[in-house]
Amino acid sequence: MGNLALTGAPPAIAAPLGVSWPVFGEEEQDLLQGVLQSGIWWRGGHADQDESQVGRFERDFAAFQDAKYGIAVANGTVALEAALRAVGVEAGDEVIVPAVTFVATATAVLQANAIPIFVDCDPRNYTIDPHAVATAITSKTRAVMPVDYGGMPCDMDALQAVAAKHDVAIVSDCAHSHGSQWQGVGTGAIADCGGFSFQMGKTLTTGEGGMILTNREEVAARASSYHNIGRYPGRPFYEHHIPSTNIRMTEWQGAIGNAQLARLAGQTATRERNVTYLSQELDGIDGFAPIFRDPRVTRWGFYFWHFKYHGARFGGIKRDTIIKACNAEGLRVHTGHTHPVYRNPIFQEMNFGRTGHPFTCSLYGKEVDYRQVYCPESERIYAEEALCMPHATFLGPQSDMDRILDVLHKLERNQDALRAWECENQTDAAS
Ligand SMILES: Cc1ncc(COP(=O)(O)O)c(C=O)c1O
């Protein structure tokens, strides 16, 4: 049987670590009841937005992230699309995005009729590489969409310098970075604007939902109009000014958002405390390393906690064997996303419909072939290095971090058994 759960021994961790997600209580129930009883289930029914759940959520989440304006929407993907449109991205424009992200970063660009241009990541912490951004800028570039991947803020100083030099906007994808700060300022409030997701797995969730944050009044006005079928505040209800859509957040989502927001600061502090301890202790295990945290990251509200695996320092054992062994021991570990975004069929097969828009748009006039795109660091980290654990694992006591370390130490002691298992299960253990 051996010592490893992979080979039939009892798992090192008997009960799941952390907490079950989402966390909720009477606050959520009371606020939802309030919406139900009010008979006003959409934000438009409240003349005074301070009385609407969505209005309150916008104001308070924007303040929490240090932004002046918040526009709550139906989900994170449309938040990004609206944010891009609000800074003036249109057909024929290019938007630079990282290859390491969820597909929505790139599809939001397509939804805004623009062309996503993929660039590589900084291998230290998997955020967009500012040098790669600078190199990818062309006369068509209208915006950069850096992603605070896993919640880790991008190097906003370097990105703002590049953006200012080339006069392009920065629309941050903050879908993972609720609570994170760069030099004391909340993500989403640093550059032109940011888009958040409140999908159920996120550290602030409304089930589905999103928000655009900005400090720029005109960007807020455009995003607000776009999300509300082209209306302008103070103008007649049936007067519509721009081609747009209805992506308003419901009062149900707003109510949940308000209750969840009240928990966010405390949860962020707990996660950060636990991960700081774990990162320090991880230093003692060769082969594993915490992800690089820039000292300018003054608060880290992470969604995935990424850490790195170096098989060459761990008996040559493959990363995917480590994942299987951890999961067998009761420790939830995965790779986060699994491949660079450009590897998705949408890009490899150029699935852009009958007309091929926006690539065939005469305003663009260039050719793009995503099959030629290759970002070596992004490829490498997904193939062999990246490991991550979900944020809810870090909402328990510090002793849970010791359980994580127990598992990794157990694997370290049993490298021979892991190698033997790997040999017997060659076809399963992908490289
Ligand atoms: C990096 C990133 N951007 C955008 C989104 C889109 O958010 P939503 O699922 O709320 O549309 C996600 C969702 O997980 C994401 O991970």
Report the normalised scattering of region 26-261 as log10 I(q)/I(0) at q = 0.07, 0.16 Å⁻¹, calculated by the Debye formula with identical scatterers on the alpha carbons. -0.21, -1.05
q = 0.08, 0.13, 0.15, 0.16 Å⁻¹: log10 I(q)/I(0) that the Debye formula gives for region 293-431, counting C-alpha atoms only: -0.34, -0.74, -0.88, -0.95
Normalising by the residue count of the chain, find the relative contact order in percent from Cα pairs under 8 Å and 6+ residues apart. 22
Scan region 203-273 for chymotrypsin sites (Phe, Trp or Tyr not before Pro) in coil per DSSP, keeping those whose Cβ has at most 16 other Cβ atoms within 10 Å, and list them by number. 237, 238
Would you kindly calculate the mean projected area, averaged across all directions, of the convex hull enclosing the Cα atoms of the chain, in square nanometres? 22.0
Taking the Cα centroid of region 132-191 and of region 50-126, what is the distance between the two, rounded to the nearest whole Å? 11
Roughly how many debye, to the nearest 20, is the charge dipole of the chain about its Cα centre, given +1 on each Lys and Arg Cβ, -1 on each Asp and Glu Cβ, and no other charges? 340
Local electrostatic count at residue 88 - Lys and Arg +1, Asp and Glu -1, tallied over other residues with Cβ under 12 Å: -1
For the chain, what is the calculated [θ] at 222 nm in deg cm²/dmol (nearest 500), taking -39500 (n - 2.57) for each run of four or more DSSP H residues and dividing by its residue count? -10500 deg cm²/dmol
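Output needed for region 1-84: three equivalent-ellipsoid semi-axes, defined as square roots of 5 times the C-alpha gyration tensor eigenvalues, in descending order, whole Å.
42, 19, 12
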Cα-based equivalent ellipsoid of region 72-162: semi-axis lengths in Å, sorted from largest, via gyration tensor: 20, 16, 11
Quick check: the angle from helix 76-86's long axis to the longest principal axis of the chain, C-alpha only, nearest 10 degrees? 40
Given a 1.4 Å probe and every protein chain left where it sits, what share in percent of the accessible area of the chain is carbon and sulfur? 51
Ranked highest first by average number of other Cβ atoms within 10 Å, how do 403-414, 142-153 line up? 142-153, 403-414
Principal-axis tilt of helix 415-424 within the chain, Cα atoms, nearest 10 degrees: 80
DSSP beta bridges in the chain, what fraction antiparallel, as a percent rounded to 5? 65
Mind checking the per residue accessible area of the chain for me, 1.4 Å probe, whole number of Å²? 41
Pop a pseudo-label 7 angstrom from the Cα along the beta-carbon direction at both residue 350 and residue 60 and give the gap in nm to one decimal. 5.0
To test your reading of the geometry: what angle, between 0 and 90 degrees and rounded to tens, separates the Cα axis of helix 251-282 from the longest principal axis of the chain? 30
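The values are calculated or read from the model by the stated rules, or taken from the named source; none is laboratory data. These numbers come from a predicted model, not from an experiment. Counting neighbours? That spans all protein chains shown, and the Cβs are built from the backbone with ideal geometry, glycine included. Ligands, DNA and RNA are excluded from the accessible area calculation, which covers all protein heavy atoms including side chains. Shrake-Rupley method; radii C 1.70, N 1.55, O 1.52, S 1.80 Å.
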